[in-house]
Every structure is written in structure tokens, then in C-alpha cells.
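Encoded as C-alpha cells, the structure appears first; notes follow it.
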Ligand code: TYD
Ligand code: MG
């Protein structure tokens, strides 16, 4: 086997890296790849025995394996994984540096090791001592947890042979390299090769594997989008480093629902699972202040109450600023245009700042009405009615459209002591209204602002 550099857009090959493809003129498209000599059968170490000798099976003859899942020992992590770690699955945990990936995985590794079986934690970023120091803070006890400071994928797989772990953790995929390739660790070729090796090991040995991937500033998993296709599950660690709480979100999951959410709080003793995030996000909410509304959003299957804040002020120099954090800036512009055109609130010469308190990001259309409510409240300098929750999608004609999971949202709001809910008219007939809850349906933005203030 040898490696060549191949253009990713036309397939042209060259013995060394080229900045521009001579065939198709694409820039920066060359990636190192392994090539097999023609005619030779590809032998893949650790690959699963083909089922039924490589022949097609009748659908009815295939066992529906009710795969048992192992708990990672951390309830919120199990939740994003769709109920626990599936044997033989390859999971990618992405996130910005310093957000807490290594912390979470070390905690999970320790719990897994004491409940299920040995865990091999291969770290290419920290020495065994550094990992141990962190472990002391986290209170990692005397569990069969093996640490390996190694970046060569072949060596890591040798240790897998020796230790025979029940769970493998590789931190991070960008530091790992294969001896078969000449390019530097972290390059697309290396990352792809390492991920493929790990995939065959995971499937062949039924060994659940979690790999860490770093995320670049613009939010993509650094370099290798390729990874997302290879792995079974992609989790993103989000949140901002200045807030104590963190959110782990599933963006792809072959074994469970996506957009499932796990909420954690970073403490002096590592990450703590937060079972009731609504209470956390509303904890410091000011009461009776203009520009604040409470939204009930749904993440995956979980309703979460968050506070949406808005501040409207006179723009200086006639150039109005619109700043959004936690909501899509384009969506905000659209909503401001609707407010202007359909509700007659003139915001052309005003600065508008919108923020979802606590660093949470909301990308559901159901947030529209809450954003509008907060903006209108700040503009008129009047607080919204107390104990009121809002949700609903707003269309360009100023109409308020029904959203999904209305009953779920109402129940969560009632549980946290809210007594009034402004919802789209189309959702009023859900029938499943909690006791003591006053549900008000609105058909358009004007009606909504009337009942809110
Ligand atoms: P880390 O897991 O090293 O991040 P990543 O692997 O994603 O780069 O997280 C490091 C941050 O977490 C660091 O800023 C310190 C903080 N931290 C705590 O606040 N408490 C703790 O118990 C630990 C272990 C880390
Ligand atoms: Mg780390």
C-alpha cells in the first residue's frame, strides 16, 4: 500500500501535494489517500465477518437486535446519546477548545469503568499525569481506567488488543496520525484514515468508541466534515466559556432522536448534569422589567423555558444596529420588518439588541412571538404581564402560526408556576391544557401585543 494525493473534486492523482489541480483547476483540493495495488484483495484488520457470507439476506430473516445500551454514568450524556452508549458505535464529540470535552469524557470513562468494564482513554493532547491531575479534581476513584498518551493510531490499536477495553476514547482525532501517511496530523487525509481505522475496530470488535473533534471558529468540525459521514453519532458541545452551563446537542444519531439536548453545569468538581434546565435558565430573571419575555422552546423531546431579552434604543449617526445573540440575526431582521409593517411599530431609526439569557441558542420558529414581545415591550418601555409564557411562529403577513408540541410546552410552563400562556390560535384547540392555566390564542401580531401589554 502506498499513499498518493488525489484531487477531491475531479479525482486526479499526483505523487505530492499540489495547491492547484492541473486537471480541473480547483484550488486546495488535494488530499492524501491510501491506494491499493490493483488485483489485490483489500485486507482490513478487525473488520467484521460479513454476515451470511456476504450474501443478501431476506428482510424477515434479519434479527431485530434489541441492542442493549450501556449507561455512561451521566444521565444527561445518556440522554443525548439516545439512552446510552450502543455497543460498536462510533461517536464524535465536537466542541471549541476549553469547553469541557475532556472533562466530560473523563467523568464518563470513570463511571463506565466502574459499572461496565475497562476503559482505554487515549489522549494525544495531555500526558497521563495531566489527565490524572484532572481526574483527582473530578474524584475519579479506583476503576479499571487505562490512560495512554499516544498519537499514533497503530499504537493505540495495539493497546486496544492488549487491554481489551469495553470503551475506547480518543482525545482528539486531530492529534492522531497513521504511519501509513506522510501528511501532518490533523490534515484531511490523516483524520480520514484514523477515523476509518477506528470505525473498523469499533464495528469489528463491537467496541464503542468516542472521539473528540475540535471545532473551528466558524463552527465547522475542524478540517474534516468527512468525519460526520463516517461516524454513527455526532454530538456538539456548546455554550460559552463565561457561563457555567454547557449544552451537548446531538446533530446526527443513527441510534436515537436528533436535536436531543443534555444540559450540564461546570463546577469545581467537573460537569454536573442539570435535570431541570428551565429553572436554571430563569433563575436570574428580573421581574416587571420592560424588554423581557419568557419563551417555551422545545429541544428534541424536551421543553425548556428561556428568557428572551430585548433592548431598543435611539441609534446614533442614523445607522441603526441590530445585534442578536442566541437567535438568528436574519430572523430578527425579518421580525423587525414584520413589526414595522404589520403592527405599526417604527424601529427604523432604533438600535435593537436581542439576547437569550444564559447563553442558550434558540433556532426554532416558535421563538418568533417571544422575540417580538420582548422588542415591543422595550420599545414601549412597558413590562409584559407577569407569569406569562409566549410561543408561536410569525409569518410575513403578521399572522401567528401554530407550532408543534403545544401541549408539551404548556405543561412545562405550568410546572414552573406560570399561569398564563399566549399561544397561536391554531394551538388553542389542543385540548390538553393544564389546570389553572389561562391559555390565550392569538391570530396575528397586533392581537398578541394587545393581550401581552
Ligand atoms: P476541558 O475538558 O479541558 O476542555 P476541552 O477538552 O473541551 O478543551 O475543560 C477545561 C475547562 O473546564 C477549563 O477551562 C477548566 C474548566 N474546569 C472546571 O471548571 N472544573 C473542573 O473540575 C475541570 C476539570 C475543568
Ligand atoms: Mg481536551
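Read the figures in this text as sums done on the coordinates, not as results from a lab. Please read all numbers here as calculations on a predicted model, not as lab measurements. Methodologically, a virtual Cβ is constructed for each residue, glycine included, from the backbone with ideal geometry; neighbour enumeration extends over all protein chains shown.
Descriptive notes on the structure:
- Helical runs (DSSP H, four residues minimum) scored at -39500 (n - 2.57) apiece and divided by the length of the chain put the mean residue ellipticity at 222 nm at -8000 deg cm²/dmol.
- Note on region 184-291: Cα-only Rg and Dmax are 17.8, 60 Å.
- Using a cutoff of 8 angstrom between alpha carbon atoms and counting only pairs six or more residues apart, the relative contact order for the chain works out to 12 percent.
- Rounded to 5, percent antiparallel among DSSP beta bridges of the chain: 55
- Two-site label geometry, residue 59 and residue 436: point separation in nm, points 7 Å out along Cα→Cβ: 5.0
- Projected label points at residue 23 and residue 322, each 7 Å from Cα along the beta carbon direction, are separated by 4.5 nanometres.
- Full extension of the chain segment joining residue 330 with residue 284 gains 13.8 nm, where the gain is 0.36 nm per residue of separation less the Cα-Cα distance.
- A simple spin-label model places the labels of residue 314 and residue 341 2.9 nm from each other, with each point 7 Å out along Cα-to-Cβ.
- Take the convex hull of the alpha carbons in region 395-453; its mean projected area over all directions comes to 4.0 nm².
- Descending semi-axes in Å of the chain, equivalent ellipsoid built from Cα gyration tensor: 47, 27, 22
- Compared with the dominant Cα axis of the chain, that is its longest principal axis, helix 406-415 is turned about 80°.
- Estimated D of region 68-275 in µm² per second, where Rh is the Kirkwood radius over Cα pairs and Stokes-Einstein applies at 20 °C, 1.002 mPa s: 128
- Burial ordering of 368, 425, 161, 142, fewest other beta-carbon atoms within 10 Å first: 142, 161, 425, 368
- Remark on region 280-452: hydrodynamic radius 15.8 angstrom, per the Kirkwood mean of 1/r across alpha carbon pairs.
- Computed log₁₀ I(q)/I(0) - Debye formula, equal Cα scatterers, no solvent, region 237-282, q 0.24, 0.26, 0.33 Å⁻¹: -0.89, -0.98, -1.21
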